[in-house]
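Working notes, beginning with the structure itself.
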Amino acid sequence: MHYVTVPGYTGSGPDHWQTHLENTYDGFTRVIQDDWETVDRDGWVARLDETVRGIDGEVFLIGHSCGAVTVAQWAATHRDSRVVGALLVAPADVDAADALPAISPQAPLPTGALSIPTHLVITDNDPYLSRERGLALAKTWGSSVETVPGGGHLATSDGYGPWSHGAALIERHSGHVLVPSPASNQERAPLA
């Protein structure tokens, strides 16, 4: 199993939960966009597709914020039988009237079912996605969904560096156990 992390606007820094996953477990690849400060809907989806096509074997996608939007947009327009599913964490509501001007070029969000099984993680206080909008997206996309109380945007600034629940969700929804990287020199923590 190969795991592809898809960061959002500004990328995922050194203490972001996506970075911790990449540094802790084997089999992770990060999608690298040309410019993390300039959201380019078509370019970002194309780069994700290029990354997926460059991997042999099964793939599980892990998107955060605008990266989760990129995954959803890819899954609305592409099919690849090797992609077994995706974890969509705190997708930004790029369609909202008050969306950050920097991310609004990523609109519109998909308006139908996605081509892969997805699990959506939202919160009850995300400044970029209301819980109600998140639940509506899950229904539209055919995603399973859960709400993390008080999680904000599930970002580094909200206290989400190492995130054992995220790792547990990846295992549950990919159907595979994450294998610690020998280079991480970390013992596997119990997954919540």
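None of the figures in this text is laboratory data; all of them are computed from the coordinates on show. All values derive from a computational prediction rather than experimental measurement. Positions of Cβ are generated from backbone atoms using ideal geometry, with glycine treated the same way; all protein chains shown enter the neighbour counts.
For Cα pairs less than 8 Å apart in space and 6+ apart in sequence, what is the mean separation divided by the residue count of the chain, i.e. the relative contact order in percent?
Values: 379 pairs, mean separation 43.3, N = 192.
So the answer I get is 23 percent.
Fewest first, what order do Asp49, Asp15, Asp126, Asp56 take by the number of other Cβ atoms within 10 Å?
Numbers: Asp49 16, Asp15 12, Asp126 24, Asp56 7.
Fewest-to-most ranking of Asp49, Asp15, Asp126, Asp56: Asp56, Asp15, Asp49, Asp126.
Bins of 10 Å, beginning at zero and ending with the bin holding the largest distance: percent of Cα pairs per bin for the chain, please.
10, 41, 39, 10, 0
With the crude spin-label approximation of a point 7 Å out along Cα→Cβ, what separation in nm comes out for Glu171 versus Asp95?
For the pair Glu171/Asp95, the computed spacing is 3.5 nm.
For the chain, what is the mean residue ellipticity at 222 nm derived from helices alone (per DSSP H run of n ≥ 4: -39500 (n - 2.57); sum divided by total residues; nearest 500 deg cm²/dmol)?
Details: 5 runs with 55 residues, N = 192.
Result for the chain, helices only: -8500 deg cm²/dmol.
Compute the longest continuous run of the chain that contains no exposed GluC sites (Glu not before Pro); treat a site as exposed when its DSSP state is not H, G, I, E or B and it has at most 10 other Cβ atoms within 10 Å. Numbers along the way, then the final one.
Values: sites that count: Glu37, Glu187.
Longest gap between qualifying sites, sites excluded: 38-186.
Can you sort Thr24, Thr111 by how many other beta carbons sit within 10 Å, fewest first? Mind dumping the intermediate values first?
Details: Thr24 20, Thr111 10.
Fewest-to-most Cβ neighbours within 10 Å comes out as Thr111, Thr24.
Full extension from Ala46 to Thr140: what is 0.36 nm times the residue separation minus their Cα-Cα distance, to one decimal in nm? Provide the component values of the computation, followed by the final result.
On the way: separation 94, 0.36 × 94 = 33.84 nm, distance 2.30 nm.
Once the chain is fully extended between Ala46 and Thr140, it gains 31.5 nm.
With charges only on Cβ, +1 for K and R and -1 for D and E, what is the dipole size of the stretch 36-147 about its Cα centre, in debye, rounded to 20?
On the way: 8 positive and 15 negative charges, 56 e Å.
With only Lys, Arg, Asp and Glu charged at Cβ, the dipole is about 260 debye.
For the stretch 61-140, what does the equivalent ellipsoid look like in terms of its semi-axes, each the square root of 5 times an eigenvalue of the Cα gyration tensor, given largest first in whole Å? Show your work: numbers first, answer last.
Working: eigenvalues 82, 36, 23 Å².
Result for the stretch 61-140: semi-axes of 20, 13, 11 Å.
Where does each of Phe28, Phe60 land when they are ranked from fewest to most other beta-carbon atoms within 10 angstrom?
Values: Phe28 19, Phe60 23.
Listed from fewest to most nearby Cβ atoms, that is Phe28, Phe60.
Considering only C-alpha atoms, what is the centroid distance from the stretch 68-87 to the stretch 162-185, in Å?
20
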